[in-house]
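**Q** The structure that follows is given in the form of structure tokens.
The values are calculated or read from the model by the stated rules, or taken from the named source; none is laboratory data. Being a predicted model, the structure only gives us computed values, none of them experimental. Note that we place each Cβ from the backbone using ideal geometry, even for glycine, and neighbour counts take in every protein chain shown.
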Amino acid sequence: MRQVKTEWQKRPVDRIFREGYELKTQGKCPTCKQPINVEEFRDELSWKEYEIAGMCQSCQDKVFEEAEGYDTVQELFEDNYHDPKQALQHESRADNKTTVEEAEA
């Protein structure tokens, strides 16, 4: 029987996204912050993704629905950021939040 996972091995990414890690340890989705309902996972692939990222089925559906129809991440990225400068600004903002080295210190 599946159970909500509350013990997560801390990974380098969890040092950067601390709030997401804390939500996962509370049995909540790090994306929408709602409690995880183990009954909502419709297949083993969804369950495996939950065990990796902690996302609920609804958030998985939203994330992976956006990726359908794209062969590469670059195509998805280019389609969502038509202006290359906008894409670079988005990437730059993400890079400036916290570096892995800073998080591990």
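**Q** Within region 7-18, identify whether any single residue is touching a Gly at 6+ places or on another chain (Cβ under 8 Å), surrounded by 12 or more Cβ atoms within 10 Å (Cβ to Cβ) and not β-branched (Val, Ile, Thr), and answer yes or no.
**A** The answer is yes, given that some residue of region 7-18 is touching a Gly at 6+ places or on another chain (Cβ under 8 Å), surrounded by 12 or more Cβ atoms within 10 Å (Cβ to Cβ) and not β-branched (Val, Ile, Thr).
**Q** When only residues in region 44-70 that are aliphatic (A, V, I, L, M) and over 18 Å from Lys33 (Cα atoms) count, which is modelled with the highest pLDDT? Reasoning before the result, please.
**A** From region 44-70, those aliphatic (A, V, I, L, M) are 45, 52-53, 55, 63, 67; that's our starting set.
If we keep only those that are over 18 Å from Lys33 (Cα atoms) as well, we get 45, 67.
Details: Leu45: 94, Ala67: 69.
The extreme case among them is Leu45.
**Q** Suppose we filter region 28-38 for residues that are farther than 19 Å from Val13 by Cα and not in a loop (DSSP other than H, G, I, E, B); how many remain? Give the derivation first.
**A** First, the residues of region 28-38 that are farther than 19 Å from Val13 by Cα: 34-38.
Imposing the further condition that a residue be not in a loop (DSSP other than H, G, I, E, B) reduces the set to 35, 38.
The total comes to 2.
**Q** Still on this model: Consider Thr6 carefully, then state whether it is of a type in the set (Ser, Thr, Tyr), at pLDDT 80 or above and in a loop (DSSP other than H, G, I, E, B).
**A** no
**Q** Further, regarding this structure: Only residues in region 1-29 that are free of Cβ contacts under 8 Å to residues at least 40 places away in the same chain and more than 14 Å from Met55 (Cβ to Cβ) count as the first member; pair them with residues that are in a helix (DSSP H, G or I) and of a type in the set (A, V, I, L, M), Cβ under 7 angstrom, at least 6 apart or cross-chain, and list the lot.
**A** Gln3/Val38
**Q** When you go through (1) under 14 Å from the mean Cα position of the chain (by Cα); (2) in a loop (DSSP other than H, G, I, E, B) one by one for Glu22, which number turns out not to apply?
**A** (2)
**Q** Among the residues of region 19-47, which ones are among the hydrophobic types (A, V, I, L, M, F, W, C) and surrounded by 12 or more Cβ atoms within 10 Å (Cβ to Cβ)?
**A** Across region 19-47, the qualifying residues are Leu23, Cys29, Cys32, Ile36, Val38, Phe41, Trp47.
**Q** Can you pull out every residue in region 48-64 that is surrounded by fewer than 13 Cβ atoms within 10 Å (Cβ to Cβ) and in contact with a Lys or Arg (Cβ under 8 Å, 6 or more places away or on another chain)?
**A** Across region 48-64, the qualifying residue is only Glu51.
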